[in-house]
Ligand SMILES: NC(=O)c1ccc[n+]([C@@H]2O[C@H](COP(=O)([O-])OP(=O)(O)OC[C@H]3O[C@@H](n4cnc5c(N)ncnc54)[C@H](O)[C@@H]3O)[C@@H](O)[C@H]2O)c1
C-alpha cells in the first residue's frame, strides 16, 4: 500500500465539515489536509484551530495553493455551482457535497468544464461505497435475487428544522426532501440498478409554513414527493421523499428480484442491516448487520465466498454499525489520482442524479412522464485496492 498523499483544501466550515475533517485528519491515510476556507474568516480560523490545519485562508488563497490537488466544496447547495466553477477554473479536482449543482444545465456546465480541463468533478454521497450498500451489490452481482423487478425507496421525516442549527435553506429553492435526501436514495438505486429511464411524480407542500428557529418561514419548495421510476434495466418502483411525515414504518429501501428480495440499509449511512430473502426457500430471510468499513466485503469477495449464508452471517454486529465514514469518496478519488484509474464516483453518475432530482420536480409541475437524457455506468464495486482507513 502506497503511503503517498494527495493535498486537500476544504471550502465551507459549517455543520457537515466536522465529520469530514475528523475523518480526513484521523482516518483517511491518503489525504493531507492543507487549508480550510469559509466566506466567514472566523469560521475558517475556528476550524483551523480545532483540527490543527496548517492554513485558514480566503477561498482565493486556497485555490492558489499549489499543494492542493482536490478541493472539497462543503458550502450550501445554492453556492455549489459558483464555487465548483471557481475550483475547476483554478485547475483543481472537485469533490462537492451533494448535489453537484441545483440546476441540471449547471451540472452539465460543471462536468463539461472538468472534461475540458482534464479534471475530476464528482459529488457526494459516498455512502453507497460503505459495507451496507456494497453487500447488497455483491448479492445482486452474485445473482441472488435474479433479475431486478421492482423496488421501494422511502425517506420520511418531520423536517430538518427539528435538529439543524441553520435550517432555513432546506425550505428555499434547491432545498426540500428531494434535493436534500434524494441524492442518497437515487445514487444508491443507480449503484444497484444502473441508470434511470423515466420518472413520474406528484409533489405537494404538506406543511407550507415551517417553524424555523422560532420564525414562520414559507416553504418555497414541495416537501412531500411520491414518484414512480423506471430503470433502464426494466425495474420499476416508487420513491417517497417527505419532510411532512411525523412517523412511519416504511423501509428505507427494498429491491425485489425474480429470485429473491433484499432489504437495503439506510442509504444515508455506510453500514446497517442487510436482509436477504431467497425466493426458493421463502421462509429463509437472512439478516446481517454490516460494519461501515467495506474491508470484510472485500475479503469475502477475494475468498469467493457467498455474501450472506444462513449458517454463517459474515458480518459481526458492530457497536455502531451505521458509522459515519464521510470522505470515503474523496479518499477513493485521491487514490484514483495516485493510481491513474477512474474514481468510483463518476461525473456521469453525479450528473445523472442531478438530472433525476430536477426530473421529479419537472414531472410533478408539468404532470408528465420525464424521459432521462443522461445515462451512466454503475460504479465499480469496492475492491482490494481500497484499504485507506486507519485510526491515527
Ligand atoms: N448538515 C448535514 O447533516 C449534512 C449532511 C450531509 C450533507 N450535507 C451537505 O453539506 C453541505 C453543507 O451543509 P451544512 O449543513 O454543513 O451547511 P452549513 O450552513 O452548516 O455550512 C455551510 C458553510 O459554507 C459556508 N459558505 C456558504 N457559501 C459559501 C461560499 N460561497 N464561499 C465560502 N463559504 C461559503 C458558510 O459560511 C458555512 O460555514 C450541503 O451541500 C448539504 O447538502 C449536510
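Read the figures in this text as sums done on the coordinates, not as results from a lab. Quick caveat, the model's predicted, so the values are computed rather than measured. Every residue, glycine as well, gets a Cβ built from its backbone with ideal geometry; the counts of neighbours run over all protein chains shown.
Tabulated values for the structure
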quantity	calculated
Prolate/oblate/rounded call for the stretch 214-257, Cα gyration tensor, a/c under 1.5 rounded	oblate
Alpha carbon centroid spacing (whole Å) that separates the stretch 1-64 from the stretch 181-255	32 Å
Normalised contact order of the stretch 128-302, rounded percent, pairs of Cα under 8 Å and 6 or more residues apart	33 percent
Segment residue 232-residue 18, length gained on full extension (0.36 nm per residue, minus Cα span)	73.3 nm
At q = 0.21 Å⁻¹, base-10 log of I(q)/I(0) for the stretch 113-196 (Debye sum, equal scatterers on each alpha carbon)	-1.07
Cα pair distances exceeding 22 angstrom across the stretch 6-123, given as percent	26 percent
Peptides 30-43, 369-382, 127-140 ordered by average Cβ neighbours within 10 Å, highest first	127-140, 30-43, 369-382
Debye intensity ratio I(q)/I(0), log10, the stretch 143-238, q values 0.10, 0.19 Å⁻¹ (C-alpha model)	-0.33, -0.89
Sorted by Cβ density within 10 Å, fewest first, the residues 276, 104	104, 276
Among beta bridges that DSSP assigns inside the chain, antiparallel share in %, nearest 5	60 percent
Distant alpha-carbon pairs in the stretch 128-302 (separation over 23 angstrom), percent	45 percent
Convex hull volume per residue for the stretch 196-238, taking Cα atoms only, in Å³	77 Å³
Gaussian network model of the chain, springs between alpha carbon atoms under 10 Å - residue of 269, 85, 155 with greatest fluctuation	85
Debye equation applied to the C-alpha atoms of the chain, log10 I(q)/I(0) at 0.07 Å⁻¹	-0.30
With eigenvalues of the C-alpha gyration tensor scaled by 5 and rooted, the stretch 1-71, Å	19, 14, 9
Structure-based [θ]222 nm, the chain - -39500 (n - 2.57) summed over DSSP H runs of at least 4, per residue, nearest 500	-9500 deg cm²/dmol
